[in-house]
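Asks: First the structure, then my questions, so here it is.
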Amino acid sequence: MKTEHEVIDNFLPKEYFDELKKIVMSAGIPWYWTKKINKFHKEGEGDLSSYFTHALFNIRLDYIFSTYYHHFNQFYNYLNMKALVRMKLNLYPRTDTIEVHAPHIDYDYDHKGCIFSFNTCDGYTKLEDGTKIQSVENRALLFNPGIEHSSTSTTNAKGRVNININYL
């Protein structure tokens, strides 16, 4: 069965996209190493399934994590959000071959998701039905993150950089 999703290129206006990309790709933003991509990653699968994150917001902890959060609040309008559940930046380091990470779900309740790419590379998001959504700068993947999906690394850029937004 085909996984329902929508891909929107040039999702953000160029000026706003350029502003966010400058922030995300700058040396000033703090990135935090995360040992496991997700809870389904098994120890002993190698160190290639680690990545860097910058948490902007998480409703479970009921506060804004980052002083950078306000730069990203226009996503509320572009996604027609009623409520934000989680917003985090991801940086998957370059690897020699594409590493497909363990399939996972974000949350086990009905909600919406957006994976928005800040750079173009050969990394992608793989949906439950096998569909691969390539990482293209200023591209948004809108889908149900309550279905299994996988992230990947990249081989042709220094890293794969995106923002993962879970919302209602």
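Asks: Considering only residues that are basic (Lys, Arg) and loosely packed, with under 15 Cβ neighbours inside 10 Å, which ones fall in segment 3-21?
Replies: The initial filter retains those residues of segment 3-21 that are basic (Lys, Arg), namely 14, 21.
Answer for segment 3-21, where residues must be basic (Lys, Arg) and loosely packed, with under 15 Cβ neighbours inside 10 Å: just LYS14.
Asks: For segment 109-168: of the residues being among the charged types (D, E, K, R) and assigned to a loop (DSSP other than H, G, I, E, B), which is farthest from VAL24 (Cα to Cα)?
Replies: Initially, segment 109-168 is screened for residues among the charged types (D, E, K, R), giving 110, 112, 122, 126, 128-129, 132, 137, 139, 148, 158, 160.
Narrowing further to those that are assigned to a loop (DSSP other than H, G, I, E, B): 110, 122, 128-129, 137, 139, 148, 158.
Values: ASP110: 29, ASP122: 19, GLU128: 28, ASP129: 31, GLU137: 12, ARG139: 15, GLU148: 27, LYS158: 14 Å.
Applying the filter and picking the extreme gives ASP129.
Asks: If I ask for residues that are out of contact with any Phe, Trp or Tyr (no Cβ under 8 Å at 6 or more places or on another chain) and surrounded by fewer than 18 Cβ atoms within 10 Å (Cβ to Cβ), which ones from segment 47-62 would you list?
Replies: Narrowing segment 47-62 to residues out of contact with any Phe, Trp or Tyr (no Cβ under 8 Å at 6 or more places or on another chain): 47-49, 59-62.
The answer is ASP47, LEU48, ILE59, ARG60, LEU61, ASP62.
Asks: Looking for something on the phi < 0 side of the Ramachandran plot and modelled with pLDDT under 85 - is there at least one such residue anywhere in segment 8-20?
Replies: No; the residues of segment 8-20 include none that is on the phi < 0 side of the Ramachandran plot and modelled with pLDDT under 85.
Asks: With the condition kept exactly as written, say whether any residue in segment 63-75 is farther than 14 Å from GLU148 by Cβ, in a helix (DSSP H, G or I) and free of Cβ contacts under 8 Å to residues at least 40 places away in the same chain.
Replies: Initially, segment 63-75 is screened for residues farther than 14 Å from GLU148 by Cβ, giving 63-75.
Of the ones still in play, those that are also in a helix (DSSP H, G or I) are 69-72, 75.
Next, only the ones that are free of Cβ contacts under 8 Å to residues at least 40 places away in the same chain stay: 69-70.
Yes, there is a match, as at least one residue in segment 63-75 is farther than 14 Å from GLU148 by Cβ, in a helix (DSSP H, G or I) and free of Cβ contacts under 8 Å to residues at least 40 places away in the same chain.
Asks: Within the set of pairs 6 or more residues apart or between chains, which connect a residue that is within 25 Å of PRO93 (Cα to Cα) inside segment 1-30 to a residue that is in a helix (DSSP H, G or I) with Cβ atoms less than 7 Å apart?
Replies: PHE11/TYR78; LEU12/TYR78; LEU20/HIS71; LEU20/PHE72; ILE23/HIS71; ILE29/ILE23
Asks: Of the residues that sit in segment 143-156 and are over 13 Å from the mean Cα position of the chain (by Cα) and crowded, with 17+ Cβ neighbours inside 10 Å, which one is farthest from GLU99 (Cα to Cα)?
Replies: Quick first cut of segment 143-156, residues over 13 Å from the mean Cα position of the chain (by Cα) only: 144, 146-148, 154-156.
With the extra rule that they be crowded, with 17+ Cβ neighbours inside 10 Å, the set shrinks to 144, 154.
Working: ASN144: 23, THR154: 8 Å.
Selected residue: ASN144.
Asks: Determine whether ASN119 is surrounded by fewer than 21 Cβ atoms within 10 Å (Cβ to Cβ), touching a residue at least 60 places away in the same chain (Cβ under 8 Å) and farther than 26 Å from LEU61 by Cβ.
Replies: It is true that ASN119 is surrounded by fewer than 21 Cβ atoms within 10 Å (Cβ to Cβ), touching a residue at least 60 places away in the same chain (Cβ under 8 Å) and farther than 26 Å from LEU61 by Cβ.
Asks: Something else now. Go through segment 126-142 and count every residue that is buried (at least 22 other Cβ atoms within 10 Å of the Cβ) and either within 16 Å of GLU4 (Cα to Cα) or more than 12 Å from the chain's Cα centre (by Cα) (or both).
Replies: 2
A quick yes/no check of all residues on (1) out of contact with any Asp or Glu (no Cβ under 9 Å at 6 or more places or on another chain); (2) within 25 Å of ASN80 (Cα to Cα):
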| site | (1), (2) |
| --- | --- |
| LYS112 | yes, yes |
| ILE147 | no, yes |
| THR154 | no, no |
| ILE163 | yes, yes |
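Asks: Failed condition for ARG86, given (1) out of contact with any Cys (no Cβ under 9 Å at 6 or more places or on another chain); (2) modelled with pLDDT of 95 or more; (3) crowded, with 16+ Cβ neighbours inside 10 Å; (4) closer than 23 Å to LYS22 by Cβ, with all others met?
Replies: With respect to (1) out of contact with any Cys (no Cβ under 9 Å at 6 or more places or on another chain); (2) modelled with pLDDT of 95 or more; (3) crowded, with 16+ Cβ neighbours inside 10 Å; (4) closer than 23 Å to LYS22 by Cβ, ARG86 is out only on (4).
The values are calculated or read from the model by the stated rules, or taken from the named source; none is laboratory data. No experiment lies behind these values; they were computed from the predicted model shown. A quick note on method: Cβ atoms are made from the backbone with ideal geometry, for glycine too, and the neighbour counts reach across all protein chains shown.
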